[in-house]
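Reading through the structure tokens given below for one structure.
The values are calculated or read from the model by the stated rules, or taken from the named source; none is laboratory data. Here the structure is a predicted model, which is why all the values come from computation and not from measurement. All Cβ positions, even for glycine, are placed from backbone atoms using ideal geometry, and neighbour counts span all protein chains on display.
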Amino acid sequence: MLNTSQVKNKMPVQDPIRRISNFNEVALGYTDEQALDEARRCLDCKHKPCVNGCPVGIDIPAFIQKIIDNQIEEAYQIILESSMLSSVCGRVCPQETQCELLCVRANKGEAVAIGNLERYVSDYHFKNIQFDSSKPILNGFKVAVVGSGPAGLSCANDLNKLGYQVDIYEALHEAGGVLTYGIPEFRLPKAIVKREIEQLIAHGVNLITNVIIGKSLSIDDLFDMGYQAIFLGTGAGLPKFLGVPGEMLNGVYSANEYLTRINLMKSYEKQSQTPIQHPKRVAVIGGGNVALDAARSAKRLGVEEVYIVYRRSLKELPARYEEVEHAVDEGIQFKLLANLKEIIGNSEGFVKEIRCVDMILGAPDQSGRAKPIENPQSSFFLEVDQVIMAIGTTPNPLVTQSTEDLETNEKGCIITQDAWGLTTKNMVYAGGDVVTGSATVILAMGAGRQAAQAMHQKITLEKIK
Amino acid sequence: MFLITHKKKLTQSVSMFKVKAPFIVKHAKPGQFVMLRIEQNGERIPLTIAESNHEDETITLIVQSAGATTKRLLELNTGDSIQDLAGPLGKPSKVTGLKRVCVVGGGVGCAIAYPIAKALRQEHTIVHTIIGFRNKELVFLEDEFKAVSNHMYLVTDNGSAGRKGFVTDILKELLLKGETYDEVIAIGPLIMMKMVSEMTKPYHIKTIVSMNPIMVDGTGMCGGCRVSVDHEMKFACVDGPEFDGHLVDFDEAIQRNKMYQEFEHEQYNDACKQK
């Protein structure tokens, strides 16, 4: 029976007052009743517009119908055909600009909460179903995947299914890439990321941590080691700074450093030996999801006043709406239409305050958003003892610098020759942030999957020759 | 896990470790470093590779007790393992095309200076070395330096070994005497590298220093290791660790090293208590 309610079932969340003193997940997940009720809102459209909005083409109406039939594991299997990281995507995908944007229910009222349902299904699977340790029959070829973030993991997963011996090389001591060092525990519990990776290993994929391709081993070394093809999913890990005075002061972090200390190194736990500053007031510069992750992490570390300093207005803020809402509930203060000009330090070289100017919005710029223009007479000061720069990242150059025939564009992104991720070097494919610059988990996954298909075709062709 | 195949105590607070690391040995060159994490809750710290040994696929690390992590590391012995080790990172030292070089090492910096001096010698460079320590008990690698140097000068702060004074005293004498060098390579405490750089500047002798700032990942990801070089922001892990000493803002680097002083002090005390 169709649920005609025009609004979604609201995702239950941890109370804001409680959650700002812990790192536990904010969104608690649907109950069985809520999931069923929400699933019944789906019209099961014949033309499935939502599927067109999904970068990996999950058969959304089909898995939702399985929820209605109370066949939750079957629902999981349908998602698994297109996405190996449903527990991750159900949590961090920007559904509102993808599948849910095209949902027919959104024409009158709210879209079906596809993301929440995806999460419900994957949580059910992990709670109730044992590891699948089945290993595919090997086809005798081996491939190397560089980087264990969403692009690399998806690529590895597909190649494993096709019978390849897949070895994933990871530079850090832990796998997961941005899922591990970037996105905080309260938005994406690390146990979930771990579980997804362990499942992959159970299928026979090798994970080799602490090996930095471009330093420990070169791309050519990998070919010498017998890999037929290589996938580069090394992400966009190099932090940007603004170039304003005072960025070298103590207390200025890149969001990458701040989040890595928290998420990867667990510096908020007593037993962790990695330090992190505990200031009273912090300004986070930027308005993307990373900025909000940093701000909300700071709150949880006990920082009293947390400001988001962003050049444009709330309307242009690139972070997901849900995250902004959560941040507001948690007491994060938004200094909008404000631009950082200078960080000022005390006599010991620690941050004391920042100077900003007001901005006015002008005509749309290249990005299509209103161009912020400075009002030079409007200087104001904000007393903070820490500044976190969350203004974007660029691809890490370690691999490209050490590989002569691998071409990059002016932004340092690897150039691909086709939509399937073939680089300028034979048998080397790339996908995810290292090609596009920082984007989303799901787009990286899609790119990893496409490259896997292309690698398989290429290797098969060579074999026939 | 990375097996410690050999440990040798060099002084009261400095030990040498040989660690099995096949992936690091392959491309390791003098001047490069590794990131290391001793145990699950450990922090990641950079340590310079003192030597890479292709025969047994080990790298040599020379470690001085400087903070909690190095203190814990020094408690490990032959047969123990290190949780994580990754490298080689950073750009290698430039050791070719030089005729006369003065290598200056201070304290544990000598561990980094030694492989560079050795590599220079293998390139038939004339190598003068000046190594300095606080006192006799802290001197290490003296014979090794001697073996790769055309002249070696040893100084200690109190004169208990070699000459009394600082490495800069010797360097000053040599420069005043009219010694000329293509390059001076100074590796040691920030203040020593600053003094050496200031001394060589009027003589227009290119001076290379090796920075050892706070790092988390070592691969360019965190930016915690940023250093101002010629008023430009550089990351020591990927752009360095070696830079032109005449262009480095040492005062800023000294200040940046104090970021976690309080925390480090606490951690160090914890590490001592656990023992």
Exercise. Does A:N375 fit the bill of being in a loop (DSSP other than H, G, I, E, B) and more than 30 Å from A:Q98 (Cβ to Cβ)?
Worked result: no
Exercise. From the list A:K215, A:K266, which one is in contact with a Leu (Cβ under 9 Å, 6 or more places away or on another chain), basic (K, R) and facing chain B (nearest Cβ under 8 Å)?
Worked result: A:K215
Problem set entry | Selection within the stretch B:83-92 - touching a helix residue (DSSP H, G or I) at 6+ places or on another chain (Cβ under 7 Å) and surrounded by fewer than 22 Cβ atoms within 10 Å (Cβ to Cβ) | none
For this session: Would you please name the residue that is farthest from the chain's Cα centre (by Cα), looking only at residues in the stretch A:209-221 that are assigned to a loop (DSSP other than H, G, I, E, B) and surrounded by fewer than 18 Cβ atoms within 10 Å (Cβ to Cβ)?
Result: A:S218
Exercise. Can you name the number of the only condition in (1) within 14 Å of chain A (Cβ to nearest Cβ); (2) outside any helix (DSSP H, G or I); (3) over 29 Å from A:N210 (Cβ atoms); (4) modelled with pLDDT under 95 that B:T180 fails?
Worked result: (1)
Exercise. Say we look at the stretch A:225-252 and pick out the residues that are aromatic (F, W, Y) and either at the interface with chain B (Cβ under 7 Å from one of its Cβ atoms) or part of a loop (DSSP other than H, G, I, E, B) (or both); which of these is surrounded by the most Cβ atoms within 10 Å (Cβ to Cβ)?
Worked result: A:Y227
For this session: Collect the residues in the stretch B:41-51 that are more than 9 Å from every other protein chain (Cβ to nearest Cβ) and either in contact (Cβ under 8 Å) with a residue 24 or more places away in the chain or touching a Pro at 6+ places or on another chain (Cβ under 6 Å) (or both), keeping them in residue-number order.
Result: B:I45, B:P46, B:T48, B:I49, B:A50, B:E51
Seminar exercise, completed: Per the filter on the stretch A:195-212, residues at positive phi and more than 13 Å from every other protein chain (Cβ to nearest Cβ) are A:G204
Exercise. Can you tell which of B:H54, B:H27 is facing chain A (nearest Cβ under 9 Å) and under 24 Å from B:R121 (Cβ atoms)?
Worked result: B:H27
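Listed here are the residues, each with its yes/no results for (1) closer than 16 Å to A:D44 by Cβ; (2) hydrophobic (A, V, I, L, M, F, W, C).
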{"site": "A:L85", "(1), (2)": "no, yes"}
{"site": "A:R91", "(1), (2)": "no, no"}
{"site": "A:A113", "(1), (2)": "yes, yes"}
{"site": "A:N116", "(1), (2)": "no, no"}
Exercise. When residues of the stretch A:146-182 are filtered for being under 30 Å from A:R320 (Cα atoms), crowded, with 24+ Cβ neighbours inside 10 Å and more than 14 Å from every other protein chain (Cβ to nearest Cβ), how many remain?
Worked result: 9
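Residue-wise test of (1) outside any loop (DSSP other than H, G, I, E, B); (2) touching a strand residue (DSSP E or B) at 6+ places or on another chain (Cβ under 8 Å).
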residue	(1), (2)
A:A171	no, yes
A:L188	no, no
A:A191	yes, no
A:F223	yes, yes
For this session: Can you confirm whether the stretch B:61-82 contains a residue that is polar (S, T, N, Q), out of contact with any helix residue (DSSP H, G or I) (no Cβ under 8 Å at 6 or more places or on another chain), away from every other protein chain (no Cβ under 12 Å) and outside any strand (DSSP E or B)?
Result: yes
